[in-house]
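Encoded as C-alpha cells, the structure appears first; notes follow it.
The values are calculated or read from the model by the stated rules, or taken from the named source; none is laboratory data. Predicted model only: the values in this text are computed from it and were never measured. As a convention, Cβ positions derive from the backbone with ideal geometry for all residues, glycine included, and neighbour counts pool all protein chains shown. Ligands, DNA and RNA are excluded from the accessible area calculation, which covers all protein heavy atoms including side chains. Shrake-Rupley method; radii C 1.70, N 1.55, O 1.52, S 1.80 Å.
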Amino acid sequence: MPKVRLFANEVKATAVLAALFNVPAFADETTRADVVVTANRVETQSDKIGSAVTVITAEDIERQQAGTVADLLRSVPGISIYSFGTTGAQTDVYIRGAESWHTKVIIDGVDMSNVSSTRPSFDFGHLTTADIERIEIVRGPQSLLYGSDTIGGVINIITRKGKGEPRIGFNAELGSHHAYTVGSNISGRSGATDYAVGISRFQTDGISSASERNGNGENDPYEADTVNARLRHQLTDWWSVEASARAMNDELYFDRSNATAKRAEDDNGWFRKRDRSGRVATDFALFGKALENRIAFSIQESERDYENGTLAGGAKYYYNGESRKIEYQGTLHLSPEQAVVFGAENKVDSTDQNGTNTLKGSADVTDNGLFADYRFSPLDSLFLTMGGRLDDHQTFGTHTTYRATSAYLIDASATRLHGSYGTGFRAPSLMELYLPIYGTKTLMPEESRGWDFGVEQHVLGGKGVVDLTWFDNRITDMINTQTIGGVTTFYNLASTRVQGLEASARWQITPDWRLNGSYTFTDSRNNTNGQILSNRPKHQGSLAASWLPREGLETTASMRAVGAKFSSTNSRYLGGFAVFTLAAAYDVTDWAKVYGRIENLLDKQYYEIDTYGTYGRTAYVGIRTTF
C-alpha cells in the first residue's frame, strides 16, 4: 500500500509541473483521420479498426526529441521497456505483459528478429530515431497476419520516403556524458522515381551498466553508425517496384551479472554487432485494380562478436543469424467496404556459433504460411474482420491461428466501441532447441489466446478524447529456463495469464495548449504457482502538456511514472519512480531549428532492471536544418 500511495503522489506532483510547461508526448492514437496499414495489412481508417493501435508520426518524434525508439515507446499504453544499463545495452520491450520475444518488430517490411539470439527478439538498445518517419503499434495476438512471435503484438517502423522537391537535411546534437549525434539525409522525387538516403552516427561515454550504487564506477561507452536507403519507381499507373536497405554497426562495453552475488558488476566486456537487412518488392494491380498484388523478398543478417571481461574469464565467441523470406499478398476488393486480404509466405532461419567456451554448432528451420482475412461492413457504422492462418513448421508441423475484430461508431454520442479476439503461437527458437548442452529438443510451441474490448469517447465538444481498453491474454506452454546441477536448460510452463486496463486521453485546451496522458494497469501471473511475473509493474503511466508561447517556440514538460514491480533476480520488489523531462524548440528560420532538453530533471535514482544502472540528470542541445 505505501508504494501505491507513493506512485499516486508522484503523479499528482507531475500534474502541477505539466500544467506549467508542455509536452505532446506520444502520438494521438484516436485521430480519426489516421490511416493505418499494420492492423489489417491494408490501408484502413483508424476509426474502422477493432484492434488497439497507436501511431507515432514524424512530428511526434521531432517534438519529443527522443534519441532512441525505446524512449518514444515508453509513453505508449500497454508497453513496458527495460534497459540493462548504459545507452546501447540490451533493451527489452514488453507488450501487455508478454515477453520481449513475443513482439514482432518490422522495419521497412523486414522482420528484424535476431534468430541467433536464444529467444529471437529485437534489441531496442541499438535503434535510434534517425530517419524514422512513422511507427505503428498493434497490441494483442497478431499471428493471423504476421505468423509466429506475435503473441504480444507488432511494432512496424517505417523510415523516410522520398516526396516532392529534393531536400537535404542535417542534424547535430551534443549532450551529457560526451554524447553526440550527427546525421544527414537526402530525399525527393524525380519523375516517376522517389528516393531517400540517410546516414547517422551516435557516440557516448555512457554510464556504468552495473549500478554505481553497488560500487561500480567504470563507464561503458557505446557508438553506432547507421545507413538506410529507400527507392521506388512507378512503372505504370498499376505497376511499381521498390527496394530498401539498412545497415548498422555498433560497439559496446558491457558489464555482467555475478550469479553468486546476484548482482551486476563491472566487467569491461566488449561487444560488436553488425546488422544488415534488405528488401525488394513489386506491386501490381489487375482487373481494373480490383485485385492488388505484392511479391517481396527480404533478408536480415546479424553478426555478434563478444569478448568477455575478467568476471567471465575473457572468453571470445560469436553468434551469426540469417533470415530469408519470400512472400505474396493479394487484396481482392469486392466493394468499397468489403475486401479479402490473403497471402503466402516462406521463411528460412539459420544460425551458427563458435567460441572459447561455446560449442560450435549450426541449425536451420523452414516455416511456410497461408492466411486470409475478410474485411466487411454489414452496417454503415459497423466494421468487422475475421480470418485464419495455417503455418507448416519444419519441426512442429501444421498450426492454425485466427483473429476477429470489430469497430462500431455511434455518431450521436461521438462514441466508438472496438474489440478483438485472436490466437497466437511461437515455435521454440533454434537456440532453445539445438543450443549445445543447453538446448531442449522436447519443447512444445507456446500458444496464446487473447481478447480486448474498448470504448473511445469524444468529449468537450470534440476537443478531448478518452479511450479505455480492457485486455486479457493467456499463454500456455510458455518457455522458461531452469538451472539444475549448474546447467541451465529450457522447459514449458503450464500457463500464464496477463490482464489489465489501458487508458489514454488528450485534451486540446486552446490552440496553444494541449494535454496528453496514459495509464496501464497490468496483472500478470504464473497460473501454476500464482507468482507475479518478473518486471511487470501493476501501475505505470505518463502525463504531458504542450504550450506554444509564441510563433516558432514550443516548450515542453513530461512525466513518466512506473509503480513497484517484482524482480526474480533477488526475489524482491523494486520501488516505483517518476522521472521528468523539460524541453524547448525554436524555429530560427524556415530551414533551421534549435532545441534542447533536460532529462530526469530531479536526478532520480531508480532501477529498471535489478542492480543495473540508469541515467541521472542529463542535458542535450541540438540543431536541425533542411534545405
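Assorted remarks:
- Verdict on Ser117 being open to solvent by 10 Å² or more (accessible area, probe 1.4 Å) and farther than 26 Å from Phe254 by Cα: no
- Scanning the stretch 167-187 for residues that are touching an Asp or Glu at 6+ places or on another chain (Cβ under 6 Å) and surrounded by 14 or more Cβ atoms within 10 Å (Cβ to Cβ) turns up His177, Thr181, Asn185.
- Taking the criterion of being aromatic (Phe, Trp, Tyr), in contact (Cβ under 8 Å) with a residue 60 or more places away in the chain and under 20 Å from Tyr620 (Cβ atoms), the only residue of the stretch 548-591 that qualifies is Phe580.
To keep it simple, each residue is scored yes or no on (1) part of a strand (DSSP E or B); (2) within 26 Å of Gly169 (Cα to Cα).
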residue	(1), (2)
Tyr195	yes, yes
Gly198	yes, yes
Arg201	yes, yes
Asp220	no, no
Ala224	yes, yes
Arg230	yes, yes
Leu235	yes, no
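Yes/no matrix, rows are residues, columns are (1) more than 24 Å from the chain's Cα centre (by Cα); (2) not aliphatic (A, V, I, L, M):
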residue	(1), (2)
Val341	yes, no
Asp349	no, yes
Gly355	yes, yes
Ser362	yes, yes
Leu382	yes, no
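- Checked against (1) within 25 Å of Leu127 (Cβ to Cβ); (2) open to solvent by 70 Å² or more (accessible area, probe 1.4 Å); (3) modelled with pLDDT of 95 or more; (4) not aromatic (Phe, Trp, Tyr), Gln300 passes all but a single condition, namely (2).
- Single residue of the stretch 545-573 satisfying the filter (assigned to a strand (DSSP E or B) and more than 30 Å from Ile509 (Cα to Cα)) that is most open to solvent (accessible area, probe 1.4 Å): Tyr573
- In the stretch 482-508, the residues that are of a type in the set (Ser, Thr, Tyr) and open to solvent by 60 Å² or more (accessible area, probe 1.4 Å): Thr483, Tyr491
- Single residue of the stretch 36-49 satisfying the filter (within 18 Å of the chain's Cα centre (by Cα) and among the aliphatic types (A, V, I, L, M)) that is nearest to Ala545 (Cα to Cα): Val36
- Meets criteria (over 24 Å from Arg389 (Cα atoms) and open to solvent by 40 Å² or more (accessible area, probe 1.4 Å)) for Phe287: yes
- Of all residues in the stretch 232-266, those satisfying the criterion of being closer than 30 Å to Gly288 by Cβ, open to solvent by 40 Å² or more (accessible area, probe 1.4 Å), in contact (Cβ under 8 Å) with a residue 40 or more places away in the chain and not aromatic (Phe, Trp, Tyr) are Arg232, His233, Gln234, Leu235, Val241, Glu242.
- Candidates Ala18, Ala52, Ala89 - the one that is more than 14 Å from the chain's Cα centre (by Cα), of a type outside the set (Lys, Arg), open to solvent by less than 10 Å² (accessible area, probe 1.4 Å) and modelled with pLDDT of 95 or more: Ala52
- The set of residues in the stretch 517-544 being surrounded by fewer than 24 Cβ atoms within 10 Å (Cβ to Cβ) and among the aliphatic types (A, V, I, L, M) consists of Ile532, Leu533.
- Scanning the stretch 574-627 for residues that are of a type in the set (Asp, Glu), assigned to a strand (DSSP E or B) and either surrounded by fewer than 19 Cβ atoms within 10 Å (Cβ to Cβ) or at pLDDT below 95 (or both) turns up just one, Asp587.
- Screening Ile155 on (1) in a strand (DSSP E or B); (2) modelled with pLDDT under 95; (3) of a type in the set (A, V, I, L, M, F, W, C) shows it passes everything except condition (2).
- Subset tally (residues that are among the basic types (Lys, Arg) and in contact with a His (Cβ under 8 Å, 6 or more places away or on another chain)) for the stretch 142-188: 0
- Considering residues of the stretch 219-242 that are hydroxyl-bearing (Ser, Thr, Tyr) and within 26 Å of the chain's Cα centre (by Cα) only, the residue farthest from Tyr180 (Cα to Cα): Thr226
- For the stretch 203-218, the set of residues classified as within 15 Å of Ala89 (Cα to Cα) and either under 24 Å from the mean Cα position of the chain (by Cα) or assigned to a loop (DSSP other than H, G, I, E, B) (or both) consists of Gln203, Thr204, Asp205, Gly206, Ile207, Ser208, Ser209, Ser211, Glu218, listed by residue number.
- Residue in the stretch 470-506 that is farthest from the chain's Cα centre (by Cα), counting only those that are closer than 26 Å to Ala259 by Cα and not in a strand (DSSP E or B): Gly485
- Given (1) small (Gly, Ala, Ser); (2) surrounded by fewer than 17 Cβ atoms within 10 Å (Cβ to Cβ); (3) touching a helix residue (DSSP H, G or I) at 6+ places or on another chain (Cβ under 6 Å), number of the condition Gly439 does not satisfy: (2)
- Considering (1) in contact with a helix residue (DSSP H, G or I) (Cβ under 9 Å, 6 or more places away or on another chain); (2) open to solvent by 20 Å² or more (accessible area, probe 1.4 Å), the lone condition that Gly164 does not fulfil carries the number (1).
- Strands (runs of 3 or more DSSP E) lying entirely in the stretch 46-109 (those with 1 or more residues that are over 26 Å from Ala224 (Cα atoms)): 52-57, 91-95
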